Amino acid sequence: MAATTTAANLAQPRASRGLWGDAARRLLRNGPALIGLAIIAIFVIAAILAPVIAPFEPLQRDGSQVFKPPSATHLMGTDRQARDVFSRILFGAQISLLVGVVSVIMGVAMGGTVGAIAGAFGGKADAVLMRTVDVLLAIPGILLAIGIVVWLDRGLVQIMFAVAATNAPIFARILRGSMLALRESDYVTAARSMGASTGRLLLRHMLPNALTPIIVASTLALATAIIDVAGLGFLGLGPPDPRTAEWGTMLTGATSFYRQAPWIIFFTGAAISVSAIGFNLLGDGLRESLDPRLKR
Amino acid sequence: MALLAVEDLVVRFRTHGSVVHAVNGVSFELAAGETLGLVGESGCGKSVTSLAMMGLLPKPAGRVEGGRVMFDGLDLVTLSERDLRDIRGREIAMIFQDPMTSLNPVLTIEEQMVETIQAHKKTTHDDARKRAIELLTMVGIPRPENRLKSYPHEFSGGMRQRVMIAIALALEPRLMIADEPTTALDVTIQAQVLELLSRLTTDSDTALILITHDLGVVAGMTQRINVMYAGFVVETATTVDLFERPWHPYTVGLLHSIPRLDEERPEQLIPIEGVPPDQRREPVGCPFAPRCAWRLDVCWTDNPPLTPVGLVGRVTTTGSGATHRFACHNPPTAEEAAAGRPLRDGFVAAAPPGTVIERLVGADDVAPAAAEEVALFEMPEPGAKGLPVEPDAGGTGDDDDASQGRPT
């Protein structure tokens, strides 16, 4: 029996079931996470397929159909300029998701690098880097983002960078904390005692163990990034062209007419909050599935 | 030449304004294939000694501030991190106390074993994997080829310690340091793991340093024992010699604080009173003096060096003929060592300096029972800085408590 199992095992491709494979399997058994995943999937598909499924162009005016409530032709009604709200929300998803994802990736890259270096090496590097981070953390996020957009001028890339800059200090703190704790952990000492190199310790023993909170935090940060982007748009710091279908900008335009056309606020606000909830649910699910100790 | 020679090793931890004197000049040698027990209570420096040898002291607080660790002709203290890394795992391997936390939770056993093998040997993944299976079989893990894919949390504590032993033996090191390898395990598993460790190191002729606070563990496992106290080696001997005739009061105390099954009548356990000294203070005198029943005045001020028992021409530091050495000004006699307390008539452990001893001898108006009483007075002025001060050892001498003069 031993011989056959050995043969069978050796024939098996390795990494058929690794950390990530296991995590994915656990995630698929997590109800709320699946709902979150479904919500995100719907938004992503809607954003990608917006040009195909949207009944109207985002800037297209439908004659004199100003402030029409939801109907069969206009699923979510029309706005002041007789544009189809449903179509605009679909196109708006493109901007919100793109800016959200890119800014969080940028934030993780910037903050994570700083935090990992500070936590892994400690000492002076830690002191200098983390004090800088503390300064950034002291400024309220949205204020920092506004400042950066005003400084760098309006534009999608600037918005991405601004949102990334508000998130980066948080990622730096999280990763530094985990790395610091891991540096003294028994298994890192044990790995060192067996001759593992610094690079190996950092990348293979410490980073994967420190990654879980970062993945969770970044999924949750996606939710706030979408809200931040909308917030910047709401404050008039959205894309340079005010006609662009962007959720935050749309919301600003709609607030002036909330009595004539409450559905615009309702649907736009729903798009923002539901997508944020989707990322939150997924984030919580990921946290549970990425911890092998919580295996069920 | 000895495989390992630790020479006058000094380790200190410097943290915010305080210095912890963790290891204060420890020397010992180990021959190839020899087994040595490092015994002592928590905080006596046994683990720190081994971490210092491996260059694994927590940075930046812990530092080797003196001495050498010669391994196979190389001084591990001054060796570069790069060279040291090559020695770790390949020449010297270590097993830690808690198998539950010593394995990386997010890597499979296979990844951790293969990684260790490949860190030192240029070999293919498949070969390393075969070696891992071989090692797991050796340490008695059933169906190793299946278990390789498991994560640490899927193993029990005893099994994890077996995996740790397998990893430690992967590169056939010449020295294995086992730091309390069975403390975190159940008693039934302890024996199995110790037996395994003993068998495998004997088979491969690996020298073993077994760190433990349990004299029972070293009794059957090691050829020699170093007894450590507060960062000093206070007694070193072959296991047989040490159990037969301990010379240091601390060793005597240790032996009398564990129950023995071979006694006809259950003997009384004699606990060692007090706690180890505060190692944030520079050691003055014999570190064990405050807790010792045999202490003399000199013990408070002079730390005795390790001296051989009897008149020995040449001191042997390794092997079965190793010279029995101890560090004590006033060693217990054989009878006292057997009894666990001083038996000399009228012997009183010396009071700490800074106290005035008044002997009420020859005073006719004193009741006979009080004639030999010793009255201790604390000096109003604080004693010399750094000297441990005994808690008030008794009353003022005018009561009739005759037990006052008894050694504490």
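The values are calculated or read from the model by the stated rules, or taken from the named source; none is laboratory data. Note that the coordinates shown come from a computational prediction; the quantities given were computed from them, not determined experimentally. Neighbour counts are summed over all protein chains in view; Cβ atoms, including those assigned to glycine, are modelled from backbone coordinates with ideal geometry.
What residue, of B:T123, B:T137, B:T101, B:T49, is without any contact (Cβ under 8 Å) to a residue 24 or more places away in the chain and more than 13 Å from every other protein chain (Cβ to nearest Cβ)? Going through B:T123, B:T137, B:T101, B:T49 in turn, just one is without any contact (Cβ under 8 Å) to a residue 24 or more places away in the chain and more than 13 Å from every other protein chain (Cβ to nearest Cβ): B:T123. Scanning region B:302-330 for residues being part of a loop (DSSP other than H, G, I, E, B) and within 20 Å of the chain's Cα centre (by Cα) gives a total of 13. Of the residues screened, B:A170 is not one that is more than 9 Å from chain A (Cβ to nearest Cβ), of a type in the set (A, V, I, L, M) and either more than 31 Å from the chain's Cα centre (by Cα) or surrounded by 16 or more Cβ atoms within 10 Å (Cβ to Cβ) (or both).
Considering the conditions (1) assigned to a helix (DSSP H, G or I); (2) under 21 Å from B:G220 (Cβ atoms); (3) at pLDDT 90 or above, B:V163 is excluded by exactly one of them, (2).
Please work out if A:F56 is assigned to a loop (DSSP other than H, G, I, E, B) and aromatic (F, W, Y). Criteria met by A:F56. The one condition from (1) more than 8 Å from chain A (Cβ to nearest Cβ); (2) over 31 Å from the mean Cα position of the chain (by Cα) that B:V106 does not meet is (1). The residues listed here are B:G62, B:G67; of these, the one that is away from chain A (no Cβ under 12 Å) and crowded, with 17+ Cβ neighbours inside 10 Å is B:G67.
Here the condition is being modelled with pLDDT of 90 or more and surrounded by fewer than 16 Cβ atoms within 10 Å (Cβ to Cβ); of B:L51, B:L74, B:L3, it holds for B:L74 alone.
Look at B:A219 and say whether it is assigned by TED's automatic domain parsing to the domain that holds B:V315 and in contact (Cβ under 8 Å) with a residue 12 or more places away in the chain. So B:A219 fits the description; yes.
All of A:G195, A:G119, A:G199, A:G123 fail the test of being within 14 Å of chain B (Cβ to nearest Cβ), closer than 14 Å to A:I214 by Cβ and modelled with pLDDT under 90, apart from A:G119. Scanning region B:73-80 turns up no residue that is within 12 Å of chain A (Cβ to nearest Cβ) and either within 27 Å of B:T222 (Cα to Cα) or assigned to a helix (DSSP H, G or I) (or both).
Residues considered: A:A230, A:A210. Of these, the only one that is in contact with a helix residue (DSSP H, G or I) (Cβ under 9 Å, 6 or more places away or on another chain), buried (at least 21 other Cβ atoms within 10 Å of the Cβ) and more than 28 Å from A:A270 (Cα to Cα) is A:A210.
Candidates B:S156, B:S102: the one that is out of contact with any Leu (no Cβ under 7 Å at 6 or more places or on another chain), exposed (fewer than 15 other Cβ atoms within 10 Å of the Cβ) and closer than 29 Å to A:T212 by Cβ is B:S156. Taken as a whole, region B:21-42 holds at least one residue that is surrounded by fewer than 19 Cβ atoms within 10 Å (Cβ to Cβ), among the small types (G, A, S) and under 24 Å from B:A184 (Cβ atoms). Of the residues B:E81, B:E110, B:E115, the single one that is without any contact (Cβ under 8 Å) to a residue 40 or more places away in the chain, charged (D, E, K, R) and touching a Leu at 6+ places or on another chain (Cβ under 6 Å) is B:E110.
Say we look at region A:141-192 and pick out the residues that are among the polar types (S, T, N, Q) and more than 14 Å from chain B (Cβ to nearest Cβ); which of these is farthest from B:D179 (Cα to Cα)? Only one residue fits best here, namely A:Q158. In summary, B:D86 fulfils each of the numbered conditions (1) facing chain A (nearest Cβ under 9 Å); (2) assigned to a helix (DSSP H, G or I); (3) surrounded by 20 or more Cβ atoms within 10 Å (Cβ to Cβ) with the single exception of condition (3).
Just the residues that are not in a helix (DSSP H, G or I) and not hydroxyl-bearing (S, T, Y), please, taken from region A:172-228. Those that are not in a helix (DSSP H, G or I) and not hydroxyl-bearing (S, T, Y): A:E184, A:M194, A:G195, A:A196.
For region A:161-201, a tally of residues being of a type in the set (K, R), free of Cβ contacts under 8 Å to residues at least 12 places away in the same chain and within 26 Å of A:S218 (Cβ to Cβ) returns 1. Picking from residues in region B:215-232 that are touching a helix residue (DSSP H, G or I) at 6+ places or on another chain (Cβ under 9 Å) and within 22 Å of B:V275 (Cα to Cα), the one that is surrounded by the fewest Cβ atoms within 10 Å (Cβ to Cβ) is B:L215. Screening region B:170-248 for helices (runs of 4 or more DSSP H) wholly inside it with 1 or more residues that are under 30 Å from B:T123 (Cβ atoms) and at pLDDT below 90 returns the ranges B:187-203. Screening region B:152-167 for residues that are closer than 27 Å to B:E91 by Cα and within 9 Å of another protein chain (Cβ to nearest Cβ) and picking the one that is farthest from the chain's Cα centre (by Cα) gives B:P152. Within region A:107-135, the residues that satisfy the criterion of being surrounded by fewer than 18 Cβ atoms within 10 Å (Cβ to Cβ) and in a helix (DSSP H, G or I) are A:A109, A:T113, A:F121, A:G123, A:K124, A:A125, A:A127, A:V128, A:R131, A:T132, A:D134, A:V135. With respect to B:M94, determine if the residue is in contact (Cβ under 8 Å) with a residue 60 or more places away in the chain and more than 24 Å from B:T206 (Cβ to Cβ). For B:M94, the condition - in contact (Cβ under 8 Å) with a residue 60 or more places away in the chain and more than 24 Å from B:T206 (Cβ to Cβ) - is not met. Consider region B:337-351 and keep the residues that are among the aliphatic types (A, V, I, L, M) and out of contact with any Pro (no Cβ under 8 Å at 6 or more places or on another chain). The one that is surrounded by the fewest Cβ atoms within 10 Å (Cβ to Cβ) is B:L343. A residue that is part of a loop (DSSP other than H, G, I, E, B) and buried (at least 16 other Cβ atoms within 10 Å of the Cβ) cannot be found anywhere in region A:247-259.
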